[in-house]
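Here the structure comes first, spelled out in structure tokens, and everything after it is commentary.
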Amino acid sequence: MVGYPVRDYGLCAILCKRGIIVALMQITIIPLGTGSTSVGAYVADVQRLLEDRGVEFVLNDMGTVIYGTAADLLRLAAEIHEQPFAAGARRVVTQIVLDDRRDMDRHVGDKCRAVRQRLENED
């Protein structure tokens, strides 16, 4: 079941209630052997792939954060890893951080909101 609806923030709670564990993954691809130091075109290809699949994601300066089940995220990571090769890269380094928390439901952005709320409460 790769591909959760974009912007469906209630989906995480629905999945958890059904016993489907939701995790967060940050993935960074580093294409090498491309003849350029720019990676923007490769990142754009990955973003299009995620949008085509209806996957909820947040692009940041150092990678892309995606949420889903751990198993689905790892399958998706393999697909993302192949994308730069399809675009001509000769070597690809992929960094993955998987946060699989099973004691609560959550979605992309929860951690940032929690920290901002703590900072606001300190004032």
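Would you check if there is a residue in the stretch 92-102 being more than 24 Å from Ile30 (Cα to Cα) and surrounded by fewer than 17 Cβ atoms within 10 Å (Cβ to Cβ)? Show your work before the answer.
So in the stretch 92-102, the residues more than 24 Å from Ile30 (Cα to Cα) come out as 101-102.
Checking the rest, the ones that are also surrounded by fewer than 17 Cβ atoms within 10 Å (Cβ to Cβ) come to 101-102.
Yes, the stretch 92-102 contains at least one residue that is more than 24 Å from Ile30 (Cα to Cα) and surrounded by fewer than 17 Cβ atoms within 10 Å (Cβ to Cβ).
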Subject >> Index of the failed condition, Leu49 passing every other in (1) in contact (Cβ under 8 Å) with a residue 12 or more places away in the chain; (2) of a type in the set (A, V, I, L, M, F, W, C); (3) under 15 Å from Leu24 (Cβ atoms); (4) surrounded by 12 or more Cβ atoms within 10 Å (Cβ to Cβ) >> reply: (3)
Original post:
Out of Val43, Val58, which single residue is farther than 19 Å from Val22 by Cα and either β-branched (Val, Ile, Thr) or modelled with pLDDT under 85 (or both)?
Top reply: Val43
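Could you please let me know if Ala70 is more than 15 Å from Thr28 (Cβ to Cβ) and either touching a residue at least 12 places away in the same chain (Cβ under 8 Å) or of a type in the set (Val, Ile, Thr) (or both)? Write out each step before concluding.
Working: more than 15 Å from Thr28 (Cβ to Cβ): yes; either touching a residue at least 12 places away in the same chain (Cβ under 8 Å) or of a type in the set (Val, Ile, Thr) (or both): yes.
Yes: the conditions hold for Ala70.
The values are calculated or read from the model by the stated rules, or taken from the named source; none is laboratory data. Not measured: the values here are computed from a predicted model. So basically every Cβ, Gly included, is an ideal-geometry build from the backbone, and we count neighbours across all protein chains shown.
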